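Have a look at the structure below before the remarks.
The values are calculated or read from the model by the stated rules, or taken from the named source; none is laboratory data. A quick note: this is a predicted structure, and the numbers were derived from the prediction, not measured. Glycine gets a Cβ as well: all are built from the backbone with ideal geometry, and neighbour counts include every protein chain shown. Heavy atoms of the whole protein, side chains included, go into the accessibility calculation; ligands, DNA and RNA do not. Shrake-Rupley method; radii C 1.70, N 1.55, O 1.52, S 1.80 Å.
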Amino acid sequence: MYTFWRADYAGDPFELFGVPHIAVLVVVGLAGLALVLRGRDLSPDRRRSLSHLLAWLLILNEILWHVWAAVENLYTLDEMLPLHLCSVMVWVSAYALVAGDRRFYPAMYFLGVGGAIQALITPDAGIYGFPHVRFMQTMISHGLVFLAGVFVASAEGYRPTVRAVVSVFAGLNVYALVVGFINAAVGSNYLYVNGKPETPSIIDMMPAWPWYLLYLEVIALVLFLLLYLPFVRRPREAPASAGPKPPA
């Protein structure tokens, strides 16, 4: 089992859309669907228990990543600061789930669900394939962030608005700008705003830096609008007249 812990892993590498990767996507997708279909039917006690379970799993899984990096001498400022979007959403989601703080629900829904979808499809697992601890930790982290966002919309009754789309999108841009300066200061590449990631991703199909950032802006906005789409209210039909129309 130590083989699946070591940083100098020599087992099967991560394979994009290989059997383990697809299995994770299916499990997370089915869990999300179950929340959408049955989330509203949960009693207050079960909602509270599930929210606390999600929060603690998020925290423990994130701690595992830091412990692994420290034990394997991989703990560096340019890799382990909690500045990547999904790392931030781990702590934001965990706090909001335990405290019931609805102020963070828009971020959990748009950034958590939207960011986790992309991270699950093209995960940053490096060379580590199933069942290495890094593979498991990466998939669990993004899967839980995704489910936490679905949970607040399905079980907690959060309803996205156009104002939330605008505010979260604007906040994301401000955060990316700040992280860009941090990257320049410490030599990191959090959020991949200072360069393309080393692992395969959709960014590989885009132009070189900085032009791919514009593509990411468009993708993020489109994704936010798609996430908002299920909550668009249809205009009510005017009630039909009870009597005959008067003669002209």
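For the stretch 1-102, applying the loop criterion from DSSP together with a ceiling of 15 other beta carbons within 10 Å to the chymotrypsin sites (Phe, Trp or Tyr not before Pro) yields TRP5, PHE17, TYR75.
Measure nothing but the geometry: give the 0 to 90° angle between the long axis through the Cα atoms of 211-228 and the longest principal axis through the Cα atoms of the chain, rounded to 10°. The angle comes out at about 40 degrees. Computed from Cα positions, the angle between helix 85-99 and the longest principal axis of the chain comes to roughly 60 degrees.
Computed over the alpha-carbon pairs of the stretch 1-41, the distance histogram in 5 Å steps reads 5, 19, 15, 14, 16, 11, 8, 8, 4, 0 percent, short to long.
Take every Cα pair under 8 Å whose residues are at least 6 apart in sequence, average their separation, divide by the length of the stretch 148-220, and the relative contact order is 17 percent. Taking every protein chain into account, the 1.4 Å probe leaves GLU62 with about 0 Å² of accessible area, to the nearest ten. Note: relative contact order over the stretch 77-218, using C-alpha pairs below 8 Å and six or more positions apart, is 28 percent. Would you work out if the stretch 1-72 is rounded, prolate or oblate? Take a ≥ b ≥ c from the square roots of the eigenvalues of the alpha-carbon gyration tensor; rounded if a/c is under 1.5, else prolate when a/b is larger than b/c, oblate otherwise. Oblate is the answer for the stretch 1-72, as a/c is 1.5 or above yet b/c matches or exceeds a/b. Multiplying each eigenvalue of the alpha-carbon gyration tensor of the chain by 5 and taking the square root yields semi-axes of 37, 23, 17 Å, largest first, rounded to whole angstroms. A probe of 1.4 angstrom, applied to the heavy atoms of all protein chains, finds ASP101 with accessible area near 20 square angstrom. May I ask you to derive the relative contact order of the chain, considering only C-alpha pairs under 8 Å and at least 6 residues apart, and to give it as an integer percent? Averaging sequence separation for qualifying contacts and normalising by length gives 25 percent for the chain. Extension gain, LEU77 to LEU229, is 50.9 nm, computed as 0.36 nm per intervening residue step minus the present C-alpha separation. With every protein chain in place and a 1.4 angstrom probe, the accessible-area ranking of ILE127, ILE182, largest first, reads ILE127, ILE182. Expressed as an acute angle from 0 to 90° and rounded to the nearest 10, what is the orientation of the C-alpha long axis of helix 44-71 relative to the principal long axis of the chain? So the helix axis and the longest Cα principal axis differ by about 20 degrees.
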